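All remarks here apply to the structure that follows.
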Ligand SMILES: [Fe+2]
């Protein structure tokens with residue numbers, strides 16, 4: 001059989017076994033400051049249905065979330081990558097919360113495609129304008145989490161996610177610091193960037209991902225005595241990313257691993273349009289649609305498929321059309 005011409009880049013739509021990065025869990029010591037930062041400043045949306053009290057708040061960003069329980073501040077050892085629409089409106093909102101966040105670690109620096117922002121307790125956020133090639137067809141979302149990891153661990157970290165989870169991984173040596181990328185969803189990645197700077201002690205924050213093959217990674221983690229919590233039928237946790245050959249710890253980061261049968265999988269999240277105001281209100285414009293229309297281009301210069309079966313199908317379609325069906 002002759003090789004068929006390629007009409008689309010089919011590999012671009014492949015996912016590894018980790019199919020979605022959903023939430024990052026960071027304790028916050030003051031919910032009113034957290035509201036000023038995440039809701040008023042970043043323009044995100046407090047989940048109206050779940051954890052609506054003072055002990056925790058869920059904050060929606062496209063199809064991902066922050067979980068912000070009350071407690072001593074937790075700081076992710078790296079940066080959280082977000083896509084948000086309208087850079088000027090974002091910078092204006094961030095400027096507006098300078099006063100309520102005065103005296104905290106809140107800081108804003110403009111970047112070429114958005115802003116580098118520090119939360120009141122030191123978590124770093126890279127805010128990017130939408131870019132389909134880099135982040136997928138979204139105007140709001142969480143395309144990556146970046147972690148600073150010790151020198152000589154990136155290769156081992158990639159091996160761990162590949163061998164234990166069946167994740168897609170790739171390396172980038174051209175970045176500032178060798179970086180292991182781990183696919184955790186469509187155009188979503190964890191980035192582990194080697195750094196020779198000091199590494200803060202791990203404080204207990206966690207991330208959550210969904211996996212298709214749920215029991216395979218579990219069995220392997222269990223065999224290595226790495227499972228740290230049997231949460232429920234749809235979820236377990238582990239914390240140590242290890243060298244596959246030796247089981248030696250490379251990096252600590254608690255992972256909440258959920259099956260795709262988890263009741264919360266693909267839960268529709270409420271996202272608001274932060275541009276709405278009493279001064280410039282538009283009826284019907286309260287909701288924000290986080291997905292943008294995909295360009296969906298065919299690869300250029302490829303002739304239509306021309307196998308006998310494709311021809312037969314074409315003839316059948318034409319006959320049906322001729323009968324007005
Ligand atoms: Fe969680």
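Summary table below
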quantity	calculated
Members of the stretch 257-284 found to be surrounded by 11 or more Cβ atoms within 10 Å (Cβ to Cβ), under 16 Å from residue 89 (Cα atoms) and out of contact with any strand residue (DSSP E or B) (no Cβ under 7 Å at 6 or more places or on another chain), listed by number	274, 275, 276
Given (1) under 24 Å from residue 69 (Cβ atoms); (2) touching a helix residue (DSSP H, G or I) at 6+ places or on another chain (Cβ under 7 Å), index of the condition residue 185 fails	(2)
Qualifying residue in the stretch 246-253 (condition: surrounded by 17 or more Cβ atoms within 10 Å (Cβ to Cβ), over 21 Å from the mean Cα position of the chain (by Cα) and either over 30 Å from residue 195 (Cβ atoms) or away from the ligand (no atom under 16 Å from the Cβ) (or both))	yes
Unique residue being closer than 21 Å to residue 289 by Cα and at pLDDT 95 or above when the list is 82, 94, 76, 101	82
Verdict on residue 167 being in a loop (DSSP other than H, G, I, E, B) and in contact with a helix residue (DSSP H, G or I) (Cβ under 9 Å, 6 or more places away or on another chain)	yes
The stretch 1-54: number of residues that are within 14 Å of the ligand (Cβ to nearest atom) and free of Cβ contacts under 8 Å to residues at least 60 places away in the same chain	2
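The values are calculated or read from the model by the stated rules, or taken from the named source; none is laboratory data. For clarity, every value in this text was computed on a predicted model and none was experimentally measured. Please note: Cβ atoms are built from the backbone with ideal geometry, for glycine as well, and neighbour counts cover all protein chains shown.
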